[in-house]
Amino acid sequence: MLIDRKNLFEFCEKIRIKGEKIIFTNGCFDIIHAGHVRYLTAAKNFGGILIVGLNSDESVRKLKGETRPINNEQDRAEVLLGLKAVDHVVLFEENTAENLISEIRPNIYVKGGDYNLENLPEAKIVQSYGGEVKFINLVEGRSTSNIIKKINSTPPAE
């Protein structure tokens, strides 16, 4: 389900009242590939409700440049929600997920192995209320940027 940002806090409170754990991760998820699927599956395997914070089109442009995203936010959200591991998606405009973390207060915040506690601004917020930060190893060679490079360097079919 795509969660309306205005209802996010209340939505998460209902999950907590049921005694369920909230797992949260975030990203652009522009062109879904095997690395994304493995990452999201590993996040879900921490046990609980997986909420994915999805960067809006505007925030993707700020982070990745004017040619991105390739897929618009509604399409990216639909694809994510089609994955077995993903329970809910919420769109956000900011460059980081700090505000989302403050609203969601996940039990576990998950990021890729290219981050660490020192370069992840959200980590301090999660730790301040006793949540856990977990890192998942990236799948080597799998990235949206690599896919775009490959497409751009492939000659058109005759």
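The values are calculated or read from the model by the stated rules, or taken from the named source; none is laboratory data. Bear in mind that the values here come from a model prediction, so they are computed numbers and not experimental data. Here the Cβ positions follow ideal geometry from the backbone for every residue, glycine too, while neighbour counts run over all protein chains shown.
Numbers for the structure displayed
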| item | result |
| --- | --- |
| Boolean, ALA77 is modelled with pLDDT of 95 or more and over 15 Å from LEU2 (Cα atoms) | no |
| Criterion (surrounded by fewer than 21 Cβ atoms within 10 Å (Cβ to Cβ) and not in a helix (DSSP H, G or I)) met by exactly one of THR25, THR96, THR41 | THR96 |
| Residue count for the range 70-88, restricted to those that are touching a strand residue (DSSP E or B) at 6+ places or on another chain (Cβ under 8 Å) and either more than 24 Å from ARG105 (Cβ to Cβ) or without any contact (Cβ under 8 Å) to a residue 40 or more places away in the chain (or both) | 2 |
| One residue from VAL79, VAL90 being in contact with a Gly (Cβ under 8 Å, 6 or more places away or on another chain) and outside any loop (DSSP other than H, G, I, E, B) | VAL90 |
| Among the candidates GLU66, GLU13, GLU20, residue that is out of contact with any helix residue (DSSP H, G or I) (no Cβ under 9 Å at 6 or more places or on another chain), assigned to a loop (DSSP other than H, G, I, E, B) and farther than 24 Å from PHE135 by Cβ | GLU66 |
| Meets criteria (in contact with a helix residue (DSSP H, G or I) (Cβ under 7 Å, 6 or more places away or on another chain) and farther than 20 Å from GLU122 by Cα) for ASP57 | yes |
| Scan of the range 41-54 for residues that are under 13 Å from the mean Cα position of the chain (by Cα) and either within 24 Å of GLU13 (Cβ to Cβ) or among the small types (Gly, Ala, Ser) (or both), ordered by number | ALA42, ALA43, LYS44, LEU50, ILE51, VAL52, GLY53, LEU54 |
| Residue list for the range 80-107, restricted to those being more than 18 Å from ILE3 (Cβ to Cβ) and under 13 Å from the mean Cα position of the chain (by Cα) | ASN95, THR96 |
| Residue among ILE108, ILE101 that alone is in contact with a helix residue (DSSP H, G or I) (Cβ under 7 Å, 6 or more places away or on another chain) and within 20 Å of ILE136 (Cα to Cα) | ILE101 |
| Residues of the range 12-22 satisfying the condition of being under 18 Å from the mean Cα position of the chain (by Cα) and either buried (at least 16 other Cβ atoms within 10 Å of the Cβ) or at pLDDT below 95 (or both) | CYS12, ILE22 |
| Pairs where the first residue, in the range 24-38, is touching a residue at least 60 places away in the same chain (Cβ under 8 Å) and the second is surrounded by fewer than 17 Cβ atoms within 10 Å (Cβ to Cβ) and assigned to a helix (DSSP H, G or I), C-beta under 6 Å, 6+ apart | ILE31/ILE147 |
